[in-house]
Amino acid sequence: MEVTASLAAEHLADAAVVIALTTSRRHPLVIIDHQGRLTRSTVAGAVEAVPGLSEALQGFPPVPSRWIVPASAPGWLIPEDFGEVGSLVITPLPGHGVPAGALVLLRRTQQAAFNEAEEAFAGLFAARAGAAMSAARLYAEQSTIVDVLMQDLLPPDVRNVQGVEFAGGYRPSVDTDRIGGDFYDVHPPAEDNPETLAVLGDVCGKGLQAAVLTGKIRNTLRALLPMADDHGRLLRLLNGALLSRSRAKFATLVLASVRRADRDVVIRLTCAGHPPPLIVRRDGTVEEADTAGSLIGVLPRITSRGTSVRLAPGDTCLMFTDGVTEARSGPLGDTEYGEQRLRRALTRCGGMPADAIVEHVQMLIAEWVGDGTHDDIAVLAITAPRGTHLSAVDGTTRGRYTA
Amino acid sequence: MTTDRICRHGAELARSSEGTRAGTSVIDTTTATEWVDKLWASVRAVDEYSALDVVANALDAGLDAEAVLLDVIGAVQDKVGTEWAANRLSVADEHAATAINDRVIAALPVKRPATVQGRITVACVNNEWHALPARLLAETLRLRGWQVAYLGAQVPTSHLVSHLHRAGPAVVCLSSSLPTRLPAAHAAITACQATGTPVMVGGRAFGTDGRYARLLGADAWAPEARCAADTLAAGPLPAPRAAPRAAHQAVDDLPHLADQEYTLVTRSARHLVREVFQRLEQQLPAMAGYSEEQRERTAEDLAHIVDFLTTALYVDDADLFTDFLTWTAQILTSRGVPARSLLPGLDLLAEQLRDFPRTRRLITAGRTALTGRP
């Protein structure tokens, strides 16, 4: 709008007004006055009051540019301190199929009126400008729709729950996407389940379609939260739900039920076809959690074996998807990052806060991958905080956990 | 097209010991230093709560929020960088320290001034991980009354552009610390300007004098957060002119790219590293005794050298390459590795790239810079 108005004011007239057509009742309006100053506002009066304007805005019936008697133009259409209007022409801005708005050109009395060639040029200009404006509007409308639909699929903001640190990081395989086939969630305790349930998983495939499946799994899991005391049962129910719903779609995931035990944190972990989480002790020792199980969504009957892990202050349980270990590249361009490298990197992360570990791992992988391609990458860390402030332990003190 | 708004704030501060000036806050570095030491101790101990206490006490003692942000937290973050370079801090330590600083910033009380300024977007360029400088700027601008959209680290340019279309900020501030992100920064700058949004850039990547900011066509450059805030407060940046820019291609800023050397060397970068690494193994018998990790470090070092070499090709500035090499030499020296160990790698690179005159000149310049060192 601004560009259309300023180009028009510069090359076609002393001042230009662009009125855009939107779904809202009050049409936005941009005025460039005779000194090149820009004002944005909305249409202040009835469009119908201006002869030819409402037709131009509707784009139907098709109307040519229309001269109107300057005196019949309402005040809101004329820039401040413009002086006497010599001539005024209203041109429709046709868009792609739908009208984009109208362009009003104004010249002062001392200037010559528009001649035929100028009018034809103005018409051409309006055609181009209208197409650009309507493309911009369509783009804006679509991106709003995408945003609304995407909202539920984006990785959640993970924060500390009941004095346990949670931190998550996610990077989709395609940089232009914001969503993909990996997911994580942290469900704080509720009436039916005293523990926090953290989930991290990976569905087959990439991109938007995979993201839609993650959305289904996340919703199903949310509904199954009251069953979180029995991981085996929860996984069986989820498996059933996925089996009946989709063909050739499967997922792997890790469940972690987290609760505090004094200053320690106790986690019940169950893997379903997923790489087992790594436990990083405060002194830098790295252990693999002893849990395994079948993947979800393929077999009618699944088995799983859970484990329980106790984190002392400064210990971290790190859950990750295979995008981390299978990142391929490195300085020589053809090496897989691998679990050994990850373990070695984690030995230097003893005692670090959850978000620092997540950022560290993400950065290592990003550096490893460089400009190369990679799978979706998700990391979720659960850490027993090292801090000594008992006042902050309840997790509600402002500026401590909740800021 | 570009109005060079070089901020003189830093220079003015240096001249007037009082540091008072209309529109800027009072900076009393002597009291800040005391808090810097305290916060540094907490950050090193990875003790979030005592770090939060230090900041709370500093505020209680009368330090204003901007001074706490920039002269205490910012100073501690600078120290993290220098301590790492001196090998007194590991990369993991650096992340731990940064995480604590990040939480401390989140806990700062938000007291917004009554006057509400316009909207500003703050983001790091794609693949830039160092988010804290951008975060400090975002918070400083918030304190000064701007409505800030802070997009964080690693913002792909396509996300940035669709954000600009929707949010329509008055200015977008792009931050980059690593010079190797300059090509990505250039892409981001041109893309933002194409939406009609003026771009202010900052961060170490753009050079201490902002020379790469000018080269890449940014509308403004600021060496640090306070200066950026002052520049923005001084008045709106002129919008990049849409009409003339339509015919403007990114390559017009950098005519030297026409020789394709950047494109060709970048394309073969991985291959180049592999080749040089293998030859290095043949040349240096000592490498046979390297552990897997040491070999990987060596390969990484080579990859870094190639990255900086291609960036220097992109901006056509030998200083970018020689500065990196002398800096690496310092880092190596502080880790007990003689800086001369870089030379065989450079020579092998030069041999591989003998068909590229501009590249060869850069390597020669780098070699000269290194041979002056122990």
Selection over the stretch A:247-265 where residues are charged (D, E, K, R) and assigned to a strand (DSSP E or B) yields a count of 3
In the set B:Leu342, B:Leu346, B:Leu332, the lone residue that is in the same structural domain as B:Thr311 (by TED's automatic domain parsing) and at pLDDT 90 or above is B:Leu346
For the stretch B:333-353, does any single residue satisfy the condition of being more than 27 Å from the chain's Cα centre (by Cα), closer than 28 Å to B:Leu216 by Cα and not in a helix (DSSP H, G or I)?
yes
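Matching residues to (1) loosely packed, with under 15 Cβ neighbours inside 10 Å; (2) in a loop (DSSP other than H, G, I, E, B); (3) in the same structural domain as A:Arg341 (by TED's automatic domain parsing):
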| position | (1), (2), (3) |
| --- | --- |
| A:Ile267 | no, no, yes |
| A:Thr270 | no, no, yes |
| A:His274 | no, yes, yes |
| A:Ile279 | no, no, yes |
| A:Gly284 | yes, yes, yes |
| A:Asp290 | yes, yes, yes |
| A:Leu299 | yes, yes, yes |
| A:Ile302 | no, yes, yes |
| A:Arg305 | yes, no, yes |
Only one of (1) within 18 Å of A:Leu380 (Cβ to Cβ); (2) crowded, with 21+ Cβ neighbours inside 10 Å does not apply to A:Asn239, and that is (1)
Scanning the stretch B:136-175 for residues that are in contact with a Phe, Trp or Tyr (Cβ under 7 Å, 6 or more places away or on another chain) and either of a type in the set (Asp, Glu) or assigned to a loop (DSSP other than H, G, I, E, B) (or both) gives B:Ala153, B:Gln154
**Prompt:** Quick check: anything in the stretch B:66-78 under 11 Å from B:Leu108 (Cα atoms), among the charged types (D, E, K, R) and more than 13 Å from every other protein chain (Cβ to nearest Cβ)?
**Reply:** yes
Among the residues of the stretch B:82-99, the number that are among the small types (Gly, Ala, Ser) and surrounded by fewer than 16 Cβ atoms within 10 Å (Cβ to Cβ) is 3
Considering only strands (runs of 3 or more DSSP E) wholly within the stretch A:139-208, the ones with at least 3 residues that are within 12 Å of chain B (Cβ to nearest Cβ) are A:165-171
Counting only helices (runs of 4 or more DSSP H) wholly inside the stretch B:182-299, the ones holding at least 1 residues that are out of contact with any Leu (no Cβ under 6 Å at 6 or more places or on another chain) and within 14 Å of chain A (Cβ to nearest Cβ) are B:182-194, B:242-246, B:261-267, B:269-283
Matching residues in the stretch B:131-160 (over 15 Å from the mean Cα position of the chain (by Cα), at pLDDT below 90 and of a type in the set (Val, Ile, Thr)) number 1
Exercise. Within the stretch B:300-321, identify whether any single residue is of a type in the set (Val, Ile, Thr), without any contact (Cβ under 8 Å) to a residue 24 or more places away in the chain and out of contact with any strand residue (DSSP E or B) (no Cβ under 7 Å at 6 or more places or on another chain), and answer yes or no.
Key: no
For the stretch B:269-308 the number of residues that are exposed (fewer than 15 other Cβ atoms within 10 Å of the Cβ) and among the hydroxyl-bearing types (Ser, Thr, Tyr) is 2
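For the stretch B:54-61, does any single residue satisfy the condition of being within 30 Å of B:Ala234 (Cβ to Cβ), of a type in the set (A, V, I, L, M, F, W, C) and surrounded by fewer than 23 Cβ atoms within 10 Å (Cβ to Cβ)?
yes
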In the stretch B:322-338, anything hydrophobic (A, V, I, L, M, F, W, C), farther than 23 Å from B:Gln278 by Cβ and buried (at least 19 other Cβ atoms within 10 Å of the Cβ) is listed as B:Phe324, B:Ala329
Of A:Ala198, A:Ala241, A:Ala228, A:Ala167, the only residue that is over 16 Å from the mean Cα position of the chain (by Cα), among the small types (Gly, Ala, Ser) and farther than 16 Å from A:Ile267 by Cα is A:Ala241
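The values are calculated or read from the model by the stated rules, or taken from the named source; none is laboratory data. Remember, it's a predicted structure, so these values are computed and weren't measured experimentally. Don't worry about glycine lacking a Cβ; one is built from the backbone with ideal geometry, like all the others, and counts go over all protein chains shown.
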